[in-house]
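Enquirer: First, the structure itself, so that you have it in front of you.
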Amino acid sequence: MKNVICDIDGVLLDGNQLIEGSDAFINRLLEQGNPLVVLTNYPSQTAGDLRNRLGAAGIDLPESYFYTSAMATAAFLKKQGGHSENTVIVGDNLHTDILAGIQAGLETVLVLSGFSSEEDVERAAFRPTHIFPNAAAINVV
Ligand SMILES: [Mg+2]
């Protein structure tokens, strides 16, 4: 059972709009019982703000699932007993989400529904473990 750290913008939401199928992805993780945190690259947004944004788009998660990116990886891993193996980070930005994941020793999933493109991957000096068109297509969690 993998632990999942999931970015919001570009993965679950495009602005305030649901990215098609991302609600099914989150619901599947909850049903499977994967430990989950969702995070943002905008630290000024509180867990309550994020909960309201996702809720308005149709993804209903309690506030305890939300973290700002600065604290997310550390807090999440601490909660899981400090283990980075068996934890996957899902993000749309190679140079924030994916690089942070690689540096933390995590399995990484890049989705192409947001910031980074396949061309960006070809130009980068590092690679995500997996690449999917969007969250709905992820089949490794
Ligand atoms: Mg993002």
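Bear in mind these aren't lab numbers, they're just calculated from the coordinates by the rules spelled out. Just so it is clear, the model here is predicted, and its values are computed rather than measured. In this analysis, Cβ positions are derived from the backbone assuming ideal geometry, glycine residues included, and neighbour counts consider all displayed protein chains.
Enquirer: Rounded to the nearest 0.05, what FRET efficiency is calculated for Glu63 and Thr129 with R0 set to 30 Å and r the Cβ-Cβ distance? Please list the in-between numbers first.
Expert: Values: r = 29 Å, r/R0 = 0.98.
For R0 = 30 Å, the calculated efficiency reads 0.55.
Enquirer: Determine, from the Cβ-Cβ distance of Leu30 and Asn52 and an R0 of 30 Å, the FRET efficiency 1/(1 + (r/R0)^6), rounded to the nearest 0.05. Could you put the intermediate results ahead of the total?
Expert: Working: r = 19 Å, r/R0 = 0.62.
Plugging the Cβ-Cβ distance into 1/(1 + (r/R0)^6) gives 0.95.
Enquirer: Taking H placed 1.01 Å from N in the peptide plane, check which residues at least 5 places from Ile8 or on another chain put their amide H under 5 Å from its amide H.
Expert: When sequence neighbours closer than 5 places are left aside, the close amide H contacts are Leu39, Asn41.
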